[in-house]
Amino acid sequence: MSDATTASTPTDSATDAAVSTPTAPATPTGGEGTLLSGAPANATDAQAQPAEPVDKPDWLPEKYWRNDKIDVESMAKGFNGLEQLLGKKANSVPVPNEKSTPEEVAAYRKAIGVPESPEGYKLKPEQLPQGVTWDDSVAKRAAELAHKHNIPAAAMSELMKFDLERAALMNQAAASMIETQLESGRAELQRVYGDKMPEKIELARRAAVTAGVDPSSQGFVDPQVVKAIVSLAEKLSDDRLIEGNQTGISSTRARARDIMTNESNPLYQRYQDGDAETVDQVRRMLTMSA
């Protein structure tokens, strides 16, 4: 009984061995895998592989693509600049063209300082430069052109001031040239007539008035003209010449009116066109004969 009880069967011994024998831990494939031996070889290899390059999107400008990635900072700066530019354009007034409405043209003119009409230009200065005359018809035409081409009032005033100063300089230059010619002419007449020069000049003046010619005409700046008149006057009897105290008033007035009304007169068209020099000449002739 006891022998039977204590005896082990082959089956039981096999079972006990299976239960009591410890199982060894499995070793990972591919090399050592403990905490002390480092990462698995396959993990290290994965980290060492470089990242594949990324292509630039077609919609992205080149200036925003650097080192195979989007340059966010440059994009932000560009967007900020674009916002500022759009803000300025939104507040600006477009330059008018042939398709612009009258309201758009008026808004543009107001924005840059163009008057509503040509009459809004104030072109005549308080004081004209010395030797310069003012012509209202010329100023009116200038204002019309300025308004047509959208010239601001301030700019047009500066242009008119410049033109008047230019005219004054031209007058001064012309006067200086005439004075030089007069000095040269007086020297020539002094050489020819000597002490009798005043007498000969008075004789030439009387002959000019007798012929209906204005003694202040620019032709008498030339000493050769004066000598020719003196030569002709000496061939006339003294009683045929207008006396020295007469001025030939009627003939001077007639010449002025001829310039104003006779289309055949070479100065007629210049007078009608408002030429400042011709108008001033006629004015002086009429004043002298008044």
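You can think of it this way: the chain between ARG141 and SER157 has 4.3 nm of extra reach, that is 0.36 nm per residue less the Cα-Cα gap.
Please give the FRET efficiency for SER100 paired with ASP273, using the beta carbon to beta carbon distance and R0 = 35 Å, rounded to the nearest 0.05. Could you put the intermediate results ahead of the total?
Working: r = 35 Å, r/R0 = 0.99.
The calculated FRET efficiency here is 0.50.
What the phi angles of the range 274-283 give under the Karplus curve with 6.51, -1.76 and 1.60, with θ = phi - 60°, is a coupling list of x, 4, 4, 5, 5, 4, 5, 5, 4, 4 Hz, glycine and proline written as x.
Quick check on my link table: of LYS56/LYS77; LYS110/LYS161; LYS99/LYS148; LYS63/LYS99; LYS77/LYS110; LYS122/LYS148, which ones sit more than 27 Å apart, alpha carbon to alpha carbon? Present the calculation step by step, with values, prior to reporting the outcome.
On the way: LYS56/LYS77 20 Å; LYS110/LYS161 23 Å; LYS99/LYS148 16 Å; LYS63/LYS99 38 Å; LYS77/LYS110 35 Å; LYS122/LYS148 16 Å.
Too far apart for the 27 Å limit: LYS63/LYS99; LYS77/LYS110.
Close amide H pairs (under 5 Å, H built 1.01 Å from N) link ILE70 with no residue at least 5 positions away or on another chain. With coordinates expressed along the principal axes, the C-alpha atoms belonging to the range 107-240 extend over 76, 28, 22 Å, beginning with the largest.
Quick one: net charge of SER117's neighbours, Cβ under 14 Å, K/R +1, D/E -1? Charge balance near SER117 sits at +2. Here the gap between SER217 and ASP68, fully extended at 0.36 nm per residue and compared with their Cα-Cα distance, gives a gain of 44.8 nm.
Bear in mind these aren't lab numbers, they're just calculated from the coordinates by the rules spelled out. Note that the structure is predicted; figures quoted are calculated from it, not measured. Quick reminder, even Gly has a Cβ in these numbers, built from the backbone with ideal geometry, and neighbours come from all protein chains shown.
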